[in-house]
Amino acid sequence: MPLHSILNEKLNEGIDPRPLPKMTLRDAKLPPVPGKAHTVIGMRRVGKTVYLRQLQADRRKTLSAERSVFISFDDDRLADLNLDQLGLMLEEYYRRYPELRGRETVHWFFDEIQNVSGWERFVRRVLDTEKVEIVVSESSARMLSREVHTSLRGRGMYCGRCSRSTTLA
């Protein structure tokens, strides 16, 4: 399948995700911080994906569906994705919804984005040039939690641990 088709499929899934399964709801809230990306960090299989999907569902209580996009990079078809191709996904999104660019905040949830080499530069650029809120999850052993917000060069916000009873406000 051509990359363009895969990126379109990921956008379609991200805008209209499948229903959330039954799960333990996390009580953690991420307050919007203009110009900063939230980073959710942890080992594999501890619930980061579910947490991001819960955040997306929470945002959708007050937003139209197309303003909240969940993209999972834990997909073998995206294994060789580069920064230019990552930018194509953003451009395709704004081609579909040109009325949102620069006018409405779009909420992006990037799950397992560490699978794209140089993702930090992409996130920094998008934070600097678009009207967005970004939440990324990261489970790479090569990137310690205290290094992620540093790699975003002042544009990341490390929130600490999120348990079922944590509120970040």
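Details
- Identity of the residue in segment 138-169, of a type in the set (S, T, N, Q) and not in a loop (DSSP other than H, G, I, E, B), that ends up modelled with the highest pLDDT: Ser151
- Selected residue (criterion: surrounded by the most Cβ atoms within 10 Å (Cβ to Cβ)) from residues of segment 79-137 that are of a type in the set (Asp, Glu) and part of a loop (DSSP other than H, G, I, E, B): Glu112
- Screening segment 55-78 for residues that are of a type in the set (Asp, Glu) and part of a loop (DSSP other than H, G, I, E, B) and picking the one that is farthest from Pro2 (Cα to Cα) gives Asp74.
- Residue count, segment 31-54 (criterion: out of contact with any Leu (no Cβ under 8 Å at 6 or more places or on another chain) and part of a loop (DSSP other than H, G, I, E, B)): 9
- Residue satisfying all of: in segment 1-51; hydroxyl-bearing (Ser, Thr, Tyr) and either at pLDDT below 80 or surrounded by fewer than 16 Cβ atoms within 10 Å (Cβ to Cβ) (or both); nearest to Phe70 (Cα to Cα) among these: Ser5
- Residue within segment 81-98 that is modelled with pLDDT of 95 or more, over 16 Å from Leu7 (Cα atoms) and not aromatic (Phe, Trp, Tyr) present: yes
- Residue satisfying all of: in segment 52-69; basic (Lys, Arg) and within 18 Å of Asn12 (Cα to Cα); surrounded by the most Cβ atoms within 10 Å (Cβ to Cβ) among these: Arg53
The values are calculated or read from the model by the stated rules, or taken from the named source; none is laboratory data. Here the structure is a predicted model, which means the values were calculated and not measured. Cβ atoms come from the backbone with ideal geometry, glycine included; neighbour counts cover every protein chain shown.
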